[in-house]
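Let me begin by presenting the structure, written as C-alpha cells, before commenting on it.
The values are calculated or read from the model by the stated rules, or taken from the named source; none is laboratory data. What you see is a predicted model; the values in this text were computed from it and never measured. Because the Cβ atoms are built from the backbone with ideal geometry, glycine has one as well, and the counts that use them run over all protein chains shown.
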Amino acid sequence: MLKLGRAQGVAIAASLSHNVPFEEYSPRRIKQAITGNGNASKEQVAAMLQKLLNFDDLPKYLDATDGLAVAVCHHYSKGIGEHNKSKSGNWESFLRNNPDRKKG
C-alpha cells in the first residue's frame, strides 16, 4: 500500500509539473459506478465489466480489469472525479496554499 501511495504521488506531481490534467477516483466510487455496489469484490467488478464490454475471457490477474474499471468510471463520471469535486480540496489548491511543500 505504501508503494502504491508513493507511485500515485509521483504520478500526480509529474502531472502538475507538466500541466497535464488528472483525476482521482476512490475504489468505492469505481466499484459503485461499475456494479452499483461500493463494496463489490474484484471478481464482481470483473464480471460486470465482462458483460458491459462484451469480452469473452477474464484475464488471469484482475489488475487489468481494475484499470478498465477506472476508465469506465471516468467515462460515466464525465471526467469529474475527486480532484474536481471542489476547488478548495484539490492538489493544485494545496500546492498554491503551501508553496514551501513543493519540491524541485
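Assorted remarks:
- Cβ pairs under 9 Å, 6+ apart, first in the stretch 1-17 and in contact (Cβ under 8 Å) with a residue 24 or more places away in the chain, second among the aliphatic types (A, V, I, L, M) and surrounded by 10 or more Cβ atoms within 10 Å (Cβ to Cβ): 16/95
- If the condition is being free of Cβ contacts under 8 Å to residues at least 12 places away in the same chain and exposed (fewer than 12 other Cβ atoms within 10 Å of the Cβ), then the stretch 22-55 contributes 36, 39, 51, 54.
- For residue 58, the stated conditions do not hold, so it cannot be described as exposed (fewer than 12 other Cβ atoms within 10 Å of the Cβ) and touching a residue at least 12 places away in the same chain (Cβ under 8 Å).
- Search result, residues across the stretch 61-85 that are surrounded by 11 or more Cβ atoms within 10 Å (Cβ to Cβ) and of a type in the set (Phe, Trp, Tyr): 76
- Taken over the stretch 1-15, residues that are in contact with a helix residue (DSSP H, G or I) (Cβ under 7 Å, 6 or more places away or on another chain) and under 18 Å from residue 63 (Cβ atoms) amount to 0.
- Meeting the requirement of 1 or more residues that are of a type in the set (Gly, Ala, Ser), within 18 Å of the chain's Cα centre (by Cα) and modelled with pLDDT of 90 or more, the helices (runs of 4 or more DSSP H) wholly within the chain are 2-17, 27-35, 42-53, 63-76.
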